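Participant: The following block contains the structure, expressed as structure tokens.
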Amino acid sequence: SQGDVYERSGACKAITEDLFKGFNCTILAYGQTGAGKTFTMGTAAGQSPEITESDGVIPRACMDLFTSIKTKCDGNAEVELSYLEVYNEEIRDLMSADGNDKQLRIRESLNGEVYVSGLTAVGVGSPADIGKLMEEASGRRVVASTKMNATSSRSHAICVLKVKGVIADTKFQSKLT
């Protein structure tokens, strides 16, 4: 089931524990066209106030993230969403209506942090905020048919949530990709 995938993959632990210890976490879906990656990830994050059986990894992760913020950080944490795609070796900002016009580049800061310069980051306060923004952004993805999938995205989508907060007088900063 979708819940089993979320739990047994380690994604739940990464969201509810590791992020709040300052670890950057990545949840990756990999497979052949039509194998169910989009269904398993569940890109319409948090559109309903409760998790349903068919909700994938992203809605579950968003719900658990904000529940954990409420309990561990007394609700005081900042979350920023960025969403990009890699298509034909080009990076496109899906959060920007003019994402094609931007020159985005992968960079590394002096402290070793890898980032995409010029990428839009939007503050979010709930799973519903993330779901709404991701749904809008997903409409900007490149889509073309293949022999195996009539609506294949033809790109790699990367959603990044940056989380900053304080737990018991200790600041933390982490990134969920």
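Participant: Among the listed pairs 13/132; 72/164; 37/162, give every one whose C-alpha distance is greater than 20 Å.
Facilitator: Too far apart for the 20 Å limit: 13/132; 37/162.
Participant: A further question follows. Do you know the relative contact order of the chain, to the nearest whole percent, from alpha carbon pairs under 8 angstrom that are 6+ apart?
Facilitator: Computed value for the chain: 28 percent relative contact order.
Participant: Another question about this same structure. Count charges around residue 127 for me, please; just the other residues with Cβ under 14 Å from its Cβ, Lys/Arg as +1, Asp/Glu as -1.
Facilitator: Cβ neighbours under 14 Å give a net charge of -2.
Participant: Below 8 Å between Cα atoms, with a sequence gap of 6+, how large is the relative contact order for region 22-81 in percent?
Facilitator: Across region 22-81, relative contact order equals 21 percent.
Participant: Grab the DSSP H runs of the chain that are 4 residues or longer, score each as -39,500 (n - 2.57), total them, divide by all residues and round the 222 nm result to the nearest 500 deg cm²/dmol.
Facilitator: -7500 deg cm²/dmol
Participant: To continue, here is another question. Over the chain, give the accessible area per residue in Å² for a 1.4 Å probe, as an integer.
Facilitator: That works out to 60 Å² for each residue.
Participant: Just in region 1-44: which chymotrypsin sites (Phe, Trp or Tyr not before Pro) are loop by DSSP and have at most 16 other Cβ atoms within 10 Å?
Facilitator: 23, 30
Participant: Quick one: net charge around residue 53, please, counting Lys, Arg +1 and Asp, Glu -1 for every other residue with C-beta under 13 Å from its C-beta.
Facilitator: Neighbourhood net charge equals -2.
Participant: Once the piece of chain linking residue 13 and residue 32 is laid out straight, how much longer is it, given 0.36 nm per residue of separation minus the C-alpha distance between them?
Facilitator: 4.2 nm is the gain from fully extending residue 13 to residue 32.
Participant: Along each principal axis of its Cα atoms, how long is region 75-141 end to end? Whole angstroms, biggest number first, please.
Facilitator: 35, 33, 15
Participant: What does the extension gain come out to for residue 110 and residue 170, with contour length at 0.36 nm per residue minus their alpha carbon separation?
Facilitator: Full extension of this stretch gives 19.3 nm more.
Participant: Which of these, 163, 114, 86, has the largest mean-square fluctuation under a Gaussian network model of the chain (Cα springs below 10 Å)?
Facilitator: Checking each option, the largest mean-square fluctuation is seen for 114.
Participant: Using a Gaussian network model on the chain with a 10 Å cutoff between Cα atoms, which of 131, 31, 165 fluctuates the most?
Facilitator: 31
Participant: Pick from 53, 113, 90: which is most flexible by mean-square fluctuation in a GNM of the chain where alpha carbon atoms under 10 Å apart are linked?
Facilitator: Among 53, 113, 90, the largest GNM mean-square fluctuation belongs to 113.
The values are calculated or read from the model by the stated rules, or taken from the named source; none is laboratory data. Quick caveat, the model's predicted, so the values are computed rather than measured. Virtual Cβ from ideal backbone geometry, glycine too; neighbours counted across all protein chains shown. Surface accessibility is based on the protein's heavy atoms, side chains included, excluding ligands, DNA and RNA. Shrake-Rupley method; radii C 1.70, N 1.55, O 1.52, S 1.80 Å.
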